[in-house]
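These notes are about the structure you will find just below.
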C-alpha cells in the first residue's frame, strides 16, 4: 500500500485564518448591547399596548351607550337633574344643568353602568341636557320641572364618560352627541 502524504500550505491567507478572541468579544458585546436596548424598551411598549387596549375598551363602552341612547325615541330620553355635579358659573355664565360643565368624577352624578374586563372596572356616567342653537353658540335650558316641555326646543345634548383605574392613575374618555325630535 501506498501512503499518502499531506502537506500544509506554507502561508495561511487572511480568508482562511480562524476567529480571534477579540472578534468574539466584540460580537458578544454588540449582541449584549442590542438585547439590552430591546429589553429596556419592552416594558414601556407593553404598558403602552395595555393603555391603548384599555382606552379602546372604554371608547367602545361609551359608544355602545351613545348608540343605545340615539336609537331611543327623543321623548323618553331623561334630562339629567340639576345637582352638585354641575359647575355653577354664576350670572351670565354657564347654567347649572349644562352637560359641558358636569363633573363626572363627582359621586353625586349617578353611574349608568359598570363593566369589568381583564380585572379593570370601567364606570360609565351619562349626562343629557336640553340645548338650542343660538347664533353661533349653543344655549342650555334648565327645566324647573323635568316634565315641562315648554322650554324643549327639540335638541338634547348627550355626554357619556367612561373612567377606569390604570395603576395609580384614573383615566377617562368622553363622547358627546346630539339627538333631535
**Request:** Working carefully through the options 135, 119, find the one that is at positive phi and modelled with pLDDT under 85.
**Result:** 135
**Request:** Among the residues of segment 118-140, count how many are in contact (Cβ under 8 Å) with a residue 40 or more places away in the chain and surrounded by 14 or more Cβ atoms within 10 Å (Cβ to Cβ).
**Result:** 11
**Prompt:** With (1) under 17 Å from residue 159 (Cα atoms); (2) modelled with pLDDT of 85 or more; (3) surrounded by 12 or more Cβ atoms within 10 Å (Cβ to Cβ) as the list, and residue 51 as the residue in question, which single condition is left unmet?
**Reply:** (1)
**Prompt:** Can you name the residue in segment 35-88 that is in contact with a helix residue (DSSP H, G or I) (Cβ under 8 Å, 6 or more places away or on another chain) and touching a residue at least 40 places away in the same chain (Cβ under 8 Å) and is also farthest from residue 126 (Cα to Cα) among such residues?
**Reply:** 77
**Complete:** Checked segment 10-32 for anything modelled with pLDDT of 85 or more and surrounded by 10 or more Cβ atoms within 10 Å (Cβ to Cβ); matches are 23, 24, 25, 26, 27, 28, 29, 30, 31, 32
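The values are calculated or read from the model by the stated rules, or taken from the named source; none is laboratory data. Everything numeric here is computed off the predicted structure, so don't read it as measured data. No Cβ is skipped: glycine too gets one built from the backbone with ideal geometry, and neighbour counts run over all protein chains shown.
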